[in-house]
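What follows is a set of notes on a single structure, which appears directly below.
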Amino acid sequence: MALGVREYRNISEIKGPLLVVEGVSRVAYDEIVEVETAGGEKRRGRVLEVGMGYAVVQVFEGTTGISPTGTVVRFMGRPLEIPVTEDMLGRIMNGLGEPIDGGPKIDADERRDVNGAPLNPAERAYPEDFIQTGVSAIDGMNTLVRGQKLPIFSGAGLPHNRLAAQIARQATVRGEEEEFAVVFSAIGIKYDDFLFFKKFFEETGALGRVAMFVNLADEPAMIRLITPRAALTLAEYLAYERDMHVLVIITDMTNYAEALREISAAREEVPGRQGYPGYLYSDLASIYERAGRVKGKKGSITQMPILTMPNDDITHPIPDLTGYITEGQIVLSRELHNRGIYPPINVLMSLSRLMKEGIGPGKTREDHAEVSNQLYASYSRGVELRSLAAVVGEESLSERDRRYLKFADLFEQRFLKQGERENRSIEETLDIAWEILSVLPEEELVNIKEETIKKYHPKYRAG
């Protein structure tokens, strides 16, 4: 028997996915466990709780068929680890980092704890490098910055999967023109969603730079808690040991939180808001805070978690707490989606708190900040006037107000709306913005300096 492995046969209780083992000693929280049934079948688990000689073990594959008598529980003396290597790019793995694509076994010299190593806050570098996603609504108005965590808030039936796949394929760091390595973590998704991502990455040729960690909806809840951590462990290795820019896309964090609630209920913990455990905030933070840049390291981890808001409720605990931890959010609109606009990004509810650090001369273009502010102000005015026109009629509005209505329509049809495989440069995005702003009277462009108007307004450029 290997050093550090302890065997116990005294199971005092089996409840749902949990085993309670009594009379244990030298057992640690999060330690990996091997459970061998009386029939010789081996299953894996993890220690959830330990104290007073008892250990609560979560069995990954569930406890069906396990008997309190004749079952051996081995505590392995180490946390859950996965192999990490560059060869995992281009591979499809399950939530524990084991290949499921029919390819060879992953041969890695190094294994790492899925919980990650703590990062000294003083060693964090401030995110300030612009990432071009090729999506105008993000690049122009909710800019993503290298090392940022920017979630997508969606709803059931909205095209968040298509948007995530598009960003994964198109994302580049300007100036260096190098592509991101993409670590894709799918939590509790349906099989047809998995096939969509697999087919998309294969068809676009992006699969070679994507490592996919897939947990399907019919798999145990415990694996859902491990899947994003396994993915982030590989991301940390690629970023900090192999100097890669890594984009981590996690879908769907709502499934993750539901699994956390299910396990919390099995442990009979006191529930918090809407039945979620009171530690939901700190648990989500343990995932989101693994994004960032480190001083002296070339690589970085940028996160785009996706969550579907139950009943499209942005005040639900999952989006609410996510908004506190992350640096903004991209919110998808059901109304825009129903009108055939892709991507249906509601820019008035979206926000990137680090945008100002990643735009401007030398990063995007000198007019970027002013144009973005003007687009927000003008589109907001146009949306307000739509509501007014619905009451009093468009003919009752002034000529200037009708120009704002026209601007709002153009903004949605020309700026927001774009093809699923349309990859716009930031210059194209800003030029489209100027084109639609030109339908407004020049004196209405109050958020843009006069010299900027003279340089970029289509009227003057044409002259």
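The values are calculated or read from the model by the stated rules, or taken from the named source; none is laboratory data. Treat the numbers as computed from the prediction; the structure is a model and nothing was measured. FYI the Cβ positions are ideal-geometry reconstructions off the backbone, even for glycines, and counts take in every protein chain you see. Keep in mind that these areas ignore ligands, DNA and RNA; they rest on the heavy atoms of the full protein, side chains included. Shrake-Rupley method; radii C 1.70, N 1.55, O 1.52, S 1.80 Å.
Key figures for this structure:
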quantity	calculated
Long-range amide H partners of Val331 with built H, under 5 Å	Phe153, Asn346, Ser350, Leu351
Neighbour-limited loop hits for trypsin sites (Lys or Arg not before Pro), region 25-64 (at most 10 other Cβ within 10 Å; DSSP other than H, G, I, E, B)	Arg26
Estimated 222 nm signal from helices in the chain, with DSSP H stretches of n ≥ 4 weighted -39500 (n - 2.57), rounded to 500	-10000 deg cm²/dmol
Signed unit charges on C-beta, dipole axis of region 1-140, positive-most listed residue Asn94, Val59, Thr133	Val59
Simple Cβ-charge dipole of the chain, Lys/Arg +1 and Asp/Glu -1, about Cα centre, in debye nearest 20	240
Quotient of Cα Rg and 2.2 N^0.38 Å for region 274-397, N being how many residues it contains	1.37
Dipole magnitude of region 47-116 about its Cα centre (Cβ charges: Lys, Arg +1; Asp, Glu -1), debye to nearest 20	300
Residue among Ser387, Phe407, Gln418 farthest towards the positive dipole end of region 375-418, charges placed on Cβ	Gln418
Whichever aspartates and glutamates have a C-alpha closer than 13 Å to that of Lys449, once near sequence neighbours (fewer than 8 apart) are set aside	Glu366, Asp367, Glu370
In degrees, nearest ten, helix 221-240 long axis to first principal axis of the chain (Cα)	70
Fully extended contour minus Cα-Cα distance, from Ala389 to Glu241, at 0.36 nm per residue	47.5 nm
Percent of beta bridges antiparallel (DSSP, the chain, rounded to nearest 5)	60
Anisotropy class of region 345-463 from Cα gyration tensor, a/c 1.5 cut	prolate
Whichever aspartates and glutamates have a C-alpha closer than 20 Å to that of Lys406, once near sequence neighbours (fewer than 8 apart) are set aside	Glu335, Glu384, Glu394, Glu395, Asp431, Glu435, Glu442, Glu443, Glu444
Listed values (1) 25.2, 88; (2) 37.4, 135; (3) 28.2, 94, entry calculated as Rg and Dmax of the Cα atoms in Å	(1)
Filtered GluC sites (Glu not before Pro), region 231-335: DSSP coil and at most 12 other beta carbons within 10 Å	Glu268
Where labels lie 7 Å past Cα in the beta-carbon direction, separation of Lys454 and Ala377 in nm	1.9
With Cα atoms, 0 to 90° folded angle of helix 191-203 axis to the chain main axis	60
Portion, in percent, of the accessible area of the chain that falls on carbon or sulfur, probe 1.4 Å	49
About the Cα centre, charge dipole magnitude for region 409-463 (Lys/Arg +1, Asp/Glu -1 at Cβ), debye	180
Region 119-186: GluC sites (Glu not before Pro) falling in loop per DSSP and having at most 14 other Cβ within 10 Å	Glu176, Glu177
Selection from Val21, Val248, Leu336 lying farthest towards where the dipole of the chain points positive, charges on Cβ	Val21
Net charge of neighbours whose Cβ lies under 14 Å from the Cβ of Ala408, counting Lys and Arg as +1 and Asp and Glu as -1	+2
Accessible-area value, Arg267, 1.4 Å probe, nucleic acids and ligands omitted, Å²	60
Area of Met244 that stays accessible when all protein chains are in place (1.4 Å probe, Å², to 10)	40
For the chain, the longest site-free run once chymotrypsin sites (Phe, Trp or Tyr not before Pro) in DSSP loop states with at most 15 other Cβ atoms within 10 Å are removed	30-278
Hits among lysines - C-alpha to C-alpha of Lys42 under 25 Å, sequence gap 8 or more where chains match	Lys15, Lys105
